[in-house]
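Visitor: The structure is given below, and queries will be raised subsequently.
What follows is calculated from the coordinates using simple rules that are stated; it is not laboratory data. This is a predicted model, so every value here is computed, not measured. Here Cβ is always computed from backbone atoms with ideal geometry, including for glycine, and neighbour counts include all displayed protein chains.
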Amino acid sequence: MRHFYARPWLLLLTLLGFAQAAQAQIEPAAQYTTLTPTQLMAWVANGPTAVSANVSRVPLAVRQNSLAPQLNPNQSFSSKVNWCPDGMNNFVGYLNEQPQFNLYNFTHWQYIDVLTWFASPVGIPCRPWVEAAHRNGVKVIGTVFTDRAGFQTLLQKDASGNYLAAQKLIAVATYYGFDGWFFNAESPMTFAEVTELRNLLKQLQVLKPAGMEMHWYDALISSGTVSYQNTLNATNAPFVQESATNTRVTDAIFTNYFWIYGSTFTTAVNQANALGRSPYDVYTGADIWPGRNPQQLFPFYNYQGTPNSGWMDNYYSGGNLASPLTSLAVFAPNITYNGGLSSFNSNPADYARFYNGEVRLFAGDDLDITTADATGAWKGFGHYQPVRCAITSLPFETNFCVGQGKIFANNGAVAVKGWTDMAKQAILPSWQWARSGATSVAARFDFSRAWYGGTSVQLSGSLAAGASTMVKLFQTKLPITAATSLNFVYKGRAAGASSTRLALYFSDNLAAPEYLDVPALADTLWTSSTLSLAAYANRELAIIGVQATSASALSAYRFNLGKLQLYNGAPPLVGGIANFTADATTVLTGQTVTFANSSTNADTFSWSLPGAAVITSTAVHATATYLRAGTYTVELTAFDGAGRSTLTRTGYITVVTAPPAGANTSLSFDGVSKYVDAGVINLSGAAMSLECWVKPTTFKAASPFISSLLGMEDGGSNTAMLRIGDAGIDPSQVQFVLQVGATTRKVTSVARLTAGQWTHLAGTYDGTSLKLYVNGVLDNSLAATGNVVANAAFTLARNYAAPRGLDGRLDEARAWTRALTAAEIAANACSVAGTSTGLAGYWKLNDSPNLTTADASGRGHTGTLTNMGPSDWSTDVPSQCPTITGLIPSHSATGLQVQVLGNPVPGSQAEVAISGAQGQPVLLSLCNSLGAVVWRQQMAAGTSRTSIALPQAAGLYVLRARTATQSASVKLMRE
Ligand SMILES: [Ca+2]
Ligand SMILES: [Ca+2]
């Protein structure tokens, strides 16, 4: 989205810049939460880019809003709020709990209606945020933010004139459980193209399920020109409603930010009325990023010399908060995280300033939502907007967890660890913080004390004799019955006599709350108290608060509320949500998988592990071992006294058979974390070459669009590598990058690689030019003279930074200190002699199941598999090298071998590999430790793999294999 004084696309650059600023690494599971337009067009629910772990399981809560219980009842719910942090996938693009406290967070859902998950080209919201939003009744919409070529891809139609992208966008949102799309088109198109785009949007209106919303950003006009209107007018109206046919095109428009005066709003309201649409379908945009646009939040920012923190007043007719003119869109509110209001993004210890910044957005410069801020000060969005209410039925429970913390408490038992998981965010207080009475007691989230999760709510300070402080926490709409009880968990201390009371405000008498005494405070353990609300039957509970009072002067008072629960009848078993991850999702037969249980509000667990050696477990963190290759489903039921929640991860674990030792293999990388580190290699000098085979699985869809293959890039001047993709080229084009003298030279292939296809690549430098060969044929070259500068750590499948990894396979990687000739490259793609002249490092990648790979050049540059496991060895090798494939397993020529896969054996069956039988049948026999044969079977000639049934008794056995001419044996440990 555009900024004042900025060129189109600046926002995209900003967004990409944040990827480095936030230093957030997208976890592997989230790699398809952004898609290219091409990937979107190919998306299917059972395809490789559909991520089941990203499916939200929380339905959108229904809100019931009331003005009377607001701090200021003279407000309006007509004006909606679209909240649009800049670059969501860079801050919070995670599907699971992260071992990091200082990720971006949001704790004011009650003031917004829609969260735009702003990411590109096609940004899919991440489940934990969707689930947190939905619990609060907030919709989350994904983003389509691409260039002309991207939109051209999306405009493909079938023979009947149906836009395939419209179907795909609905299918993606439906599959993942989010609520629509935000369209950001900021590169010019032809009139014909932009007309097609409007037709696609119209088709989305027909296809979308009830409740889904499509928002349009004010950039293109109907001619196809980019021309920001900063309001809704006749020029951009055709993207909202087509007046000639009275056809709905989108549900809302998010206008650009370059407006100052009230006429912006008059124009928008008149245009919406003329279209027969609500003025609240217009979200007048505010870009609150410092120093960029007119809508600055705080008085220390000026616009053209004038403090402008009162710009929000323009949204209301005559300044009357009951009469909003349009809705509101807020861009870049992550100002609190990486815009200078805190250094939380780089320093976890700075959390208080981050959370204060979030409070300041909504409560104003005085950080107090109950008070009017000084003239010229920022008043806070909460001054203008009432709190929405999703607390409308019993049971209601909260543990005040903000979804991250520096501790994790499980029913008061504290583990010290930094963590973030928005899916664990509780329903948070409606006001932060609505305090009245004595100001010497403050309310805040306490990150050091929690009953469950990372935080509790704390009231602390001092009180003068007879003084009291009231803190309103929740605005609710809860029907109380004779069977309703309130349970709360608390701790605290007071240096003297004090009284803490819960305050219940009912809709029929909002002026006078009913008070419930909190039993005496104790600071050692959390106390749980339950109170009957039968006395208030048939009344509607509108506000829940807490009050601190003291008859005598009190210097040190603290009250922590860790849990609050209202329910009818027996206490509900609320909130257990099963969740888990595996330490590896692709493993070998016999390898143990450990499941990390990240369920919330649960204390007992039942695992179902079909296909594993042991198929059930009640451990918190279960382990499983699989004896046969295949894909396996894992199911966890988390109990909170009784069964509450089951999570089934279908086909979650892939079990593969290890390639036999010595087989010709390749290595599989994930594009995110896996690579091989071969240590420092010196390739500096007059000439050099790099070679490898590569089979990409996917190409990079996000900046910097690089998939590294082999070589070095240390951030200084040492640079020598083959990679795929770079800024300004297609992510499937190959690049040979080399530091020659003082200059970094790049030669890019004309050819584009094909995913799923093996290709041989070679880059050479001979002192006069860089040459790039694809499948042995010279593809491109670049003149250069000087000496190569390349003496640094040499890696396979990664350089410089983790996001530059290869998602795919590598084989036959070589580094040379001389320029190979075209004839050599063409002749030696599949193998060279380790003693070849100038060979500086040579990884045949034939080292299954080791976690190192030998340097066949004899120079000792053994590669270390990093973030990898034995299941990353693959027998998928270049089919262009058949003779090599056949020759490598040298063991078969040397004699009979028998191997137990996964030893010790945890179950009743063992998987056995046989090699070297030279075409003869094999007699397998199993002896116990006393030498008695307990099992015996003849294997047909050619058998290389079999399962054998083991006796009940654990212990040591000996497995013998025998042919007419050979015998071999191996010890087998039965667990
Ligand atoms: Ca205020
Ligand atoms: Ca190999």
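Visitor: Taking the mean number of other Cβ atoms within 10 Å as a proxy for protection, how do you rank 335-341, 117-123, 649-655 from highest to lowest?
Guide: 117-123, 335-341, 649-655
Visitor: Let me ask you something else. Can you say what percent of the DSSP beta bridges in the chain, counting only those with both residues inside, are antiparallel? Round to 5.
Guide: 85
Visitor: While we're looking at this one, here's another question. Could you give the alpha-carbon Rg of the stretch 10-384 over 2.2 N^0.38 Å, rounded to two decimals?
Guide: This ratio for the stretch 10-384 stands at 0.96.
Visitor: Once you have the alpha carbon radius of gyration of the stretch 580-656, what is it after dividing by 2.2 N^0.38 Å, with N set to its residue count?
Guide: So the Cα radius of gyration is 1.04 times the expected 2.2 N^0.38 Å.
Visitor: Angle between the Cα long axis of helix 10-22 and the longest principal axis of the chain, 0 to 90 degrees, nearest 10?
Guide: Orientation of helix 10-22: about 70 degrees from the principal axis.
Visitor: Sticking with this structure for a sec: Is the stretch 415-485 best put as rounded, prolate or oblate by its Cα gyration tensor, with a ≥ b ≥ c the root eigenvalues, rounded for a/c under 1.5, and otherwise prolate when a/b is larger than b/c, oblate when not?
Guide: Taking the square roots of the gyration eigenvalues as a ≥ b ≥ c, the stretch 415-485 is oblate.
Visitor: Just need log10 I(q)/I(0) for the chain at q = 0.09, 0.10 Å⁻¹, Debye formula, equal scatterers on the alpha-carbon atoms, no solvent, rounded to two decimals.
Guide: -1.08, -1.23
Visitor: Another question about this same structure. Looking only at Cα atoms, what is the convex hull volume of the stretch 666-887 per residue, in Å³?
Guide: Per-residue hull volume (Cα only) is 104 Å³.
Visitor: Now, a different point. Would you work out which of Asn82, Thr616, Ala542 lies farthest towards the positive end of the dipole of the chain, given +1 charges on the beta-carbon of Lys and Arg and -1 on that of Asp and Glu, about the Cα centre?
Guide: Towards the positive end, the residue furthest out is Thr616.
Visitor: Looking at the stretch 10-384 only, what percent of DSSP beta bridges run antiparallel? Nearest 5 please.
Guide: 30
Visitor: Here's something else I'd like to know. Could you compute Rg(Cα) / (2.2 N^0.38 Å) for the stretch 777-930, with N its residue count?
Guide: 1.37
Visitor: Post the alpha-carbon centroid distance, the stretch 728-749 to the stretch 953-975, in whole angstrom.
Guide: That distance is 55 Å.
Visitor: For the stretch 650-741, how big is the tail of P(r) above 22 Å, as a whole percent of Cα pairs?
Guide: 41
Visitor: Under a no-solvent Debye model with one identical scatterer per Cα of the stretch 412-549, what's log10 I(q)/I(0) at q = 0.13 Å⁻¹?
Guide: -0.62
Visitor: Right, something else. List the lysines whose alpha-carbon lies under 27 Å from that of Lys971, not counting same-chain residues fewer than 8 positions away?
Guide: none
Visitor: Compute the relative contact order of the stretch 892-974 as a whole-number percentage, counting only Cα pairs closer than 8 Å that sit 6 or more residues apart in sequence.
Guide: Over the stretch 892-974, the number comes to 35 percent.
Visitor: Which order results if Asp218, Asp583 are arranged by neighbouring Cβ count within 10 Å, fewest first?
Guide: If I rank by nearby Cβ atoms, fewest first, I get Asp583, Asp218.
Visitor: Can you tell me which aspartates and glutamates have their Cα less than 13 Å from the Cα of Lys491? Leave out same-chain residues fewer than eight positions away.
Guide: Partners found: Asp446, Asp523.
Visitor: Taking every alpha carbon pair in the stretch 892-974, what does the distance histogram look like in 10 angstrom bins from 0, in percent?
Guide: Histogram of Cα-Cα distances, whole percents per bin: 19, 55, 24, 2.
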